[in-house]
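Q: Quick one: this structure, given as structure tokens, is what I'll be asking you about.
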Number of protein chains: 2
Amino acid sequence: MSEVFQDVWGSKFNLNQYVCLSGPSHAEEVVRGLPTSIVAASTNINSAHQVQKLMSSERFRMYSTDDLIGVELGGSLKNVIAIAAGISAGLGFGDNTLGALLTRGLVEMSRLGVHLGGQVGTFSGLSGMGDLITTCCSQHSRNRYVGEQIGKGRKLQDILDEMLMVAEGVKTTASAWALAQRENIEMPIAHQVHSILFEDADPMQATIDLMTRKLKVEIG
Amino acid sequence: MSEVFQDVWGSKFNLNQYVCLSGPSHAEEVVRGLPTSIVAASTNINSAHQVQKLMSSERFRMYSTDDLIGVELGGSLKNVIAIAAGISAGLGFGDNTLGALLTRGLVEMSRLGVHLGGQVGTFSGLSGMGDLITTCCSQHSRNRYVGEQIGKGRKLQDILDEMLMVAEGVKTTASAWALAQRENIEMPIAHQVHSILFEDADPMQATIDLMTRKLKVEIG
């Protein structure tokens, strides 16, 4: 988003005063005063601190970071994995699959994000892992909903046609997979979600493909 | 567990042939053939590879690692956070709180685990983050159940008295907090769970205490 601002505003845009808030924070729950923790990110850590002090309360805890690119990418890429989590649920899979999907999903989000300039620790933080969990476990998520309908056998266009809100993860999947190919980054889950959404791949076969890849050591 | 084996078996125990399987794997779901991914850990990576090749299938994917201590600690410490997740649900909190709790919970699990010799990447893996998510999101988890009942205002002994199965996280909380104090490791969530379980602290006040700690940068 900061790059979009720069494109649109040009020299009027001051990146050092730009602060991005991200993390697990469904608005419906923030409004109800349910405990929420997020991160304030800015290339200028003092700007992040300023917002952190201004907005923190006993029901809304803020952390700060200077890893703007990592925070922005985490908030975006997690929607690809949310679609995958929905597909898994639509296929009737359970909590074991969900735990593995989010863990391996975060590995490939981090892989792309670090390559693009983010810090690995950010992806393990509130705007990465935290937002990923909340989005993938929540019934409120539109991206997860799209995936679930796909997993049950419906077609993408039919699902999107009847939705009033935007499921941005569909477009993010196309962008993420294009970036992964351009930068030569291994993203097997994003690849399968892309094949299912845009190339009519069978979700069950995609799952088997993921499970039967070359056996690996866990880290790396 | 490997240390317990060593204590009990003494010189008959060969650590290099010992392999620990851990990760998000409710037995009920493995039996039904739902896709499950776990990690095989051994101080001798060849032993881990042997088990990995032997047991992997298209519904059961195994990774390998030589970080035995990290895998064993992750599988144990996650139960403390599962109790916290249950308390949060029992208090009526939502997905935002869950996402934050798991993220910051994993930070303090890693902090203690790395201090005790584990690798930080292991805690972001299947036996750390993966198992944490599956346990904390699942209705099957006995540790989460204990927390939920506590959050609803019941007393620990009453809950344990009526349970047929063991909620090991209660004992793990005592151990984890003792270790944290002995090694001088910051574990605010484990501390609050300990206060609630064993010192009759009020769960709502404990939450406010967690939310109003000194404001921090996210990493570290």
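Q: Once ligands and nucleic acids are excluded and a 1.4 Å probe is used, how much of residue A:83 is accessible, expressed in Å² to the nearest 10?
A: Accessible area, nearest 10 Å²: 0 Å².
Q: While we're on this one: When the helices in chain B are scored as -39500 (n - 2.57) per DSSP H run of 4 or longer and the sum is shared across all residues, what 222 nm value do you end up with, to the nearest 500 deg cm²/dmol?
A: Numbers: 12 runs with 131 residues, N = 220.
After summing the helix terms and dividing by the residues of chain B, the value is -18000 deg cm²/dmol.
Q: Related question: Between copies, how far does the label point of residue A:175 sit from its twins, in nm, shortest first, when each point is 7 Å from Cα along Cα→Cβ?
A: Its label point is 4.6 nm from the equivalent points in the other copies.
Q: In addition: May I ask you to report, in nm to one decimal and beginning with the shortest, the distances from residue B:31 to the same position in the other copies, taking label points 7 Å along Cα-to-Cβ?
A: Those separations, rounded to one decimal, come out as 4.4 nm.
Q: Give me the inter-chain shielding for B:134-140: mean count of other chain Cβ atoms within 10 Å, whole number please.
A: On the way: counts 9, 2, 4, 7, 5, 1, 2.
Counting Cβ atoms of other protein chains within 10 Å of each residue's Cβ and averaging gives 4.
Q: Can you list the copy-to-copy distances for residue A:7, using a point 7 angstrom from Cα toward Cβ, in nanometres, shortest first?
A: 6.0
Q: Sticking with this one: Considering only chain A, what is the antiparallel percent among its DSSP beta bridges, to the nearest 5? Display every interim value, and only then the final one.
A: Working: 4 of 10 bridges.
Rounded to the nearest five, the antiparallel share is 40 percent.
Q: If you don't mind, there's one more thing I want to ask. Viscosity 0.890 mPa s, temperature 25 °C: what is the translational diffusion coefficient of the range A:159-220 from Stokes-Einstein with a Kirkwood Rh over Cα pairs, rounded to a whole number of µm²/s? Intermediate values should be presented prior to the final figure.
A: On the way: Rh = 13.2 Å.
Roughly 186 µm²/s, to the nearest whole number.
Q: How many Å² of accessible surface get buried when B and A come together, counting both sides, probe radius 1.4 Å, rounded to the nearest 100? Don't skip to the end; give the middle numbers.
A: Working: alone 12210 and 12200 Å², together 19350 Å².
Approximately 5100 Å² gets buried when B meets A.
Q: If you take every DSSP beta bridge whose two residues both sit in the protein assembly as shown, what share of them, in percent to the nearest 5, is antiparallel?
A: Percent antiparallel among DSSP bridges in the protein assembly as shown is about 35.
Q: On to the next question. Among the listed pairs A:216/B:12; A:152/A:216; A:12/A:78; A:53/B:214; A:171/A:216, which are separated by more than 22 Å between their Cα atoms?
A: On the way: A:216/B:12 31 Å; A:152/A:216 30 Å; A:12/A:78 30 Å; A:53/B:214 10 Å; A:171/A:216 30 Å.
The answer is A:216/B:12; A:152/A:216; A:12/A:78; A:171/A:216.
Q: How much accessible surface does residue B:114 have with a 1.4 Å probe, in Å² rounded to 10?
A: In the full protein context, residue B:114 sits at about 60 Å².
Q: Shifting gears a bit: Determine the distance separating the Cα centre of the range A:182-196 from the Cα centre of the range A:97-144; give it in Å without decimals.
A: Each part reduced to its Cα centre gives a spacing of 15 Å.
Q: Could I ask something else about it? Calculate the radius of gyration of the Cα atoms of the protein assembly as shown to one decimal place, then report Dmax, the largest Cα-Cα distance, as a whole number, both in Å.
A: Rg and Dmax of the protein assembly as shown, Cα atoms, are 21.4, 73 Å.
Q: Give the calculated FRET efficiency between residue B:208 and residue A:171 to the nearest 0.05, with a Förster radius of 30 Å applied to their Cβ-Cβ distance.
A: Details: r = 40 Å, r/R0 = 1.32.
Plugging the Cβ-Cβ distance into 1/(1 + (r/R0)^6) gives 0.15.
Q: Still on this model: Pulled fully out, how much extra length does the chain show between residue B:11 and residue B:50, if you take 0.36 nm times their separation in residues and subtract their Cα-Cα distance? Each step should come with its number before you reach the end.
A: Working: separation 39, 0.36 × 39 = 14.04 nm, distance 2.32 nm.
Here the answer is 11.7 nm.
The values are calculated or read from the model by the stated rules, or taken from the named source; none is laboratory data. This one's a predicted model, so the numbers in the text were calculated from it and none came from an experiment. All Cβ positions, glycine included, derive from the backbone under ideal geometry; neighbour counts span all protein chains shown. The area values use the complete protein model at the heavy-atom level, side chains included, leaving out ligands, DNA and RNA. Shrake-Rupley method; radii C 1.70, N 1.55, O 1.52, S 1.80 Å.
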